[in-house]
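Chemist: A single structure is presented below for examination.
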Amino acid sequence: MSWLPSLSQHFMVSAVALLVYVLTTRVHGVRRAPTAAMAWVMGLVVLPYIFLPLFLLFGNRKLKAAYAPRAPNPAEPAITRFHANGAEARIALSEVIDAATETLDVCTFILGDDPLGRAVVKRLVQRAREGVRVRLMMDAIGLWIERPPSLRELRRAGAMVTVFNRIASLQRGIPRNLRNHRKLVIADDRWLWSGGRNLATEYFEADGRGKLPWIDLSFDLRGATAAAAARQFQLDWNTAHPDPGHAIAAHAVGAENGRTQFVASGPDQAEDTVHALMLTACFRAEKRVLAVTPYFVPDHALLMAMQLAAQRGVEITLVLPWKSNHRLADFVRGRALRALAQAGAHIRLVPRMVHAKAVVVDESLAWCGSVNLDSRSLLINYESVVVFYGLEEIRWLAAWMLALAEVGEAFVLRPVGLGRDVAEGVLLALAFQM
């Protein structure tokens, strides 16, 4: 077994690996959750030959942004429509696509090779042939999860198609585990369609074989907030496919019936914006915090903030699917759910897949977008939400979420055995990469 390193050699390699970790973290100013930091350090000490290459490939979760998109003033006018179901969402999506006269930008994590996905591509082909500049951006992992329909006709029609952060690309600069999870359809930099829905059938309608669609939430709005989303799309496009010549103009149209703000979160932001927003919401909430998410794997800071809010009398209502499409996430969420239930939170488990992502805080603000309440979504992925400050929008979201909670069953707090507790702990150490 002469090929095995000696103890002194292993010690030296581990020391070098830890030095690389410390220097890289200090130079880039990276802040990691305690569980993430502990997982990297333990791996670098025990198996440096494996974890050092993994750290160099995946360890950096923050990138230097080209510039920060201008955040619209919350007082700027916007017209917002929420889509309570898939039928409304599909009608609104078609309206936004058909309304484009100059530009049409689409960013999606998944584009399904199914009736919905093919219908969207067909309409994009038609718009490109009509002279609209069409750009479609998809994430590389999303393409791996679900194969898209053929895009040959779309390219032939003159549309531009790009893949964000290709896994097999030789181009460096972005760690391969950083995914673009944003969902944006923007017409003429003026009209935004967004939310939690990917462009695939299960997010909108039944599949024709009796399978019910997922419960999801989306919206569309016009105004300066749409222009802010357009600027963010341009930043993402330049990252995946440099196009410095495209200028984005800000427009505000329509009568004011609410106040909105586009908030991006991810490696291209200096701060963990939505994570900080959620922490602040828990600390400042006076009466209630409503949240709906398909996956609940919070970091320690967020879980503690929600526990403290519940313990001081804030009504915390968390709505989740009984079983999601991510079995590991369902398994490891148990520890956080038990902690919240012990603190007095109300947890409702809906007997269908829920893919909606939204939060309501008192009657002061709410947000909806692509962000799940898990560590990957809050701290690693490229994500976005729209924050709503108008009372009408806040009350609509609250009513929708409370109606969904009524359909669910209450989470029952039960003791767990040592084996499950240990298994949850081990998996939670890796939850920052799930």
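The values are calculated or read from the model by the stated rules, or taken from the named source; none is laboratory data. These numbers come from a predicted model, not from an experiment. No Cβ is skipped: glycine too gets one built from the backbone with ideal geometry, and neighbour counts run over all protein chains shown. Heavy atoms of the whole protein, side chains included, go into the accessibility calculation; ligands, DNA and RNA do not. Shrake-Rupley method; radii C 1.70, N 1.55, O 1.52, S 1.80 Å.
Chemist: Across segment 190-207, which residue is most open to solvent (accessible area, probe 1.4 Å) among those that are in contact (Cβ under 8 Å) with a residue 24 or more places away in the chain and part of a loop (DSSP other than H, G, I, E, B)?
Modeler: Ranking the candidates gives R190 first.
Chemist: Right, something else. Within segment 110-120, is there a residue that is touching a Ser or Thr at 6+ places or on another chain (Cβ under 8 Å), under 25 Å from A227 (Cα atoms) and not in a helix (DSSP H, G or I)?
Modeler: The answer is no; no qualifying residue exists.
Chemist: Can you run down the residue pairs with Cβ atoms below 6 Å, 6 or more apart or on separate chains, where the first is in segment 119-136 and touching a residue at least 12 places away in the same chain (Cβ under 8 Å) and within 12 Å of I186 (Cα to Cα) and the partner is open to solvent by 10 Å² or more (accessible area, probe 1.4 Å) and hydroxyl-bearing (S, T, Y)?
Modeler: Going by the 6 Å Cβ cut-off, the qualifying pairs are R133/T103.
Chemist: Residues of segment 208-245 being at pLDDT below 80 and surrounded by 14 or more Cβ atoms within 10 Å (Cβ to Cβ), which ones?
Modeler: Here is the first cut: in segment 208-245, the ones at pLDDT below 80 are 208-210, 241-245.
Residue satisfying the conditions is H241 alone.
Chemist: Being open to solvent by less than 10 Å² (accessible area, probe 1.4 Å) and in contact with a Phe, Trp or Tyr (Cβ under 8 Å, 6 or more places away or on another chain) is the filter; apply it to segment 121-161 and report the residue that is farthest from A230 (Cα to Cα).
Modeler: G142
Chemist: Report yes if some residue within segment 376-387 is of a type in the set (G, A, S) and modelled with pLDDT of 90 or more; otherwise report no.
Modeler: There is at least one residue in segment 376-387 that is of a type in the set (G, A, S) and modelled with pLDDT of 90 or more.
Chemist: For segment 353-375, what are the residues that are more than 25 Å from G313 (Cα to Cα) and at pLDDT 95 or above?
Modeler: The answer is M353, V354, H355, A356, G369, S370, V371.
Chemist: Okay, moving on. Could you check, for segment 79-87, whether at least one of its residues is closer than 19 Å to Q232 by Cβ and either at pLDDT 95 or above or assigned to a loop (DSSP other than H, G, I, E, B) (or both)?
Modeler: no
Chemist: Might you check whether a residue that is under 19 Å from the mean Cα position of the chain (by Cα), under 30 Å from T80 (Cβ atoms), touching a residue at least 40 places away in the same chain (Cβ under 8 Å) and open to solvent by 30 Å² or more (accessible area, probe 1.4 Å) occurs anywhere in segment 337-348?
Modeler: Among the residues of segment 337-348, not one is under 19 Å from the mean Cα position of the chain (by Cα), under 30 Å from T80 (Cβ atoms), touching a residue at least 40 places away in the same chain (Cβ under 8 Å) and open to solvent by 30 Å² or more (accessible area, probe 1.4 Å), which makes the answer no.
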